[in-house]
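What follows is calculated from the coordinates using simple rules that are stated; it is not laboratory data. Keep in mind it's a predicted model, so treat the numbers as computed, not measured. Neighbour counts are summed over all protein chains in view; Cβ atoms, including those assigned to glycine, are modelled from backbone coordinates with ideal geometry.
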Amino acid sequence: MSELSISLKLFGSFRKFGQVLNLRVPTGSTILTVKEKISKTIDGQESELVFDSVLADNDAILPDTHILNEDIKLSILPPVCGG
Amino acid sequence: MNNLILTEVLDTALDIQKAYDFVANSANGAVNSFVGIVRNNHEGKSVTGLTYDLHTTLAKKAFDDICQKALELWPETKYYVAHYHGELSVGGISIIIAVSSPHRAESFEACRYIIEEIKTKAPVWKQEHYIDRKSEWLPGHSLNG
């Protein structure tokens with residue numbers, strides 16, 4: 001099974017895990033699958049927060065059903081509180 | 001974005017005069033502004049400062065989109081939004097919103113609209129720093145759905 005690489009930039013409370021998380025998932029994975037991978041990678045810590053967060057590329061938030069077919073740079077955006 | 005909207009993410013001190021100068025318009029008789037300031041307490045804890053984390057590209061895009069929507073809701077208005085990125089001590093300015101409009105009512109309404117939308121839609125996060133040297137990221141609104 002082929003895989004793709006994800007460079008995941010971390011924000012807010014995810015910064016305690018570093019600036020970037022590098023992941024590999026099967027080609028054709030959905031964003032929801034990537035969230036499950038993130039949760040496992042950080043050993044289940046903040047699992048609820050992972051699923052309450054969204055993943056985005058540099059243009060827009062990607063829905064959980066979005067399918068990834070090539071290497072990509074993403075960001076994980078936890079719940080927001082600006083101002 | 002255009003001559004009716006200016007949004008910025010800055011790691012230098014925010015400038016209220018700049019906000020006023022951008023939205024001031026001879027056809028508009030009202031300017032309303034909101035200035036967010038780091039306060040020294042939160043839920044009984046003594047706060048020494050805040051760190052503002054932003055996804056710069058998407059935050060600016062969110063500010064632009066929110067102002068554009070406001071412009072559709074209140075035509076003939078003009079907008080300035082600047083958000084600070086980085087660490088601020090108590091008293092520091094975290095956000096400036098300024099809106100001008102022909103009459104006062106829409107400037108109040110639009111200014112309130114902008115800050116409430118930013119709080120729930122812009123990718124911005126706050127880490128509070130306390131007097132006991134502990135820090136905590138504040139909970140917020142999920143961007144899911």
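Assorted remarks:
- Unit charges at the beta carbon, dipole of chain A: most positive-side option, A:33, A:12, A:76: A:12
- Only Lys, Arg, Asp and Glu carry charge here, each on its Cβ (+1 for the first two, -1 for the last two); on that basis chain A has a dipole of about 260 debye about its Cα centre.
- Computed from the C-beta positions of residue A:16 and residue B:120 and an R0 of 35 Å, the FRET efficiency is 0.90 to the nearest 0.05.
- Label-to-label distance for residue B:133 and residue A:24 is 4.2 nm, based on points extended 7 Å past Cα in the beta-carbon direction.
- Working from label points 7 Å from Cα in the Cα-to-Cβ sense, the residue A:65 to residue A:1 distance is 2.2 nm.
- Computed magnitude of the charge dipole of the protein assembly as shown (debye, nearest 20; Cβ of K, R +1, Cβ of D, E -1): 360 debye
- For the pair the range B:33-91 and the range A:23-60, the centres of their Cα atoms are 27 angstrom apart.
- Under 15 Å, Cβ to Cβ, from residue B:68 - net charge with Lys/Arg +1 and Asp/Glu -1: 0
- Peptide-level mean, for B:51-59, of C-beta atoms on other protein chains within 10 Å: 5
- Cross-link table B:18/B:119; B:60/B:119; B:60/B:121; A:40/B:119; A:35/B:61, entries beyond 18 Å C-alpha to C-alpha: B:18/B:119; A:40/B:119; A:35/B:61
- Counting charges near residue A:20 (Lys, Arg +1; Asp, Glu -1) among other residues having Cβ under 12 Å from its Cβ returns a value of +3.
- Other residues within the sphere of radius under 12 Å centred on the Cβ of residue A:79, judged by their own Cβ, net out at 0 (K and R +1, D and E -1).
- Helix A:31-41 and the long axis of chain A differ in direction by around 70°, with both axes built from C-alpha atoms.
- Comparing mean-square fluctuations of B:124, B:23, B:35 from a GNM of chain B with C-alpha springs under 10 Å, the top value falls on B:35.
- Principal-axis tilt of helix B:104-121 within chain B, Cα atoms, nearest 10 degrees: 40 degrees
- The protein assembly as shown: C-alpha gyration tensor shape, a/c 1.5 cut-off, then a/b vs b/c: oblate
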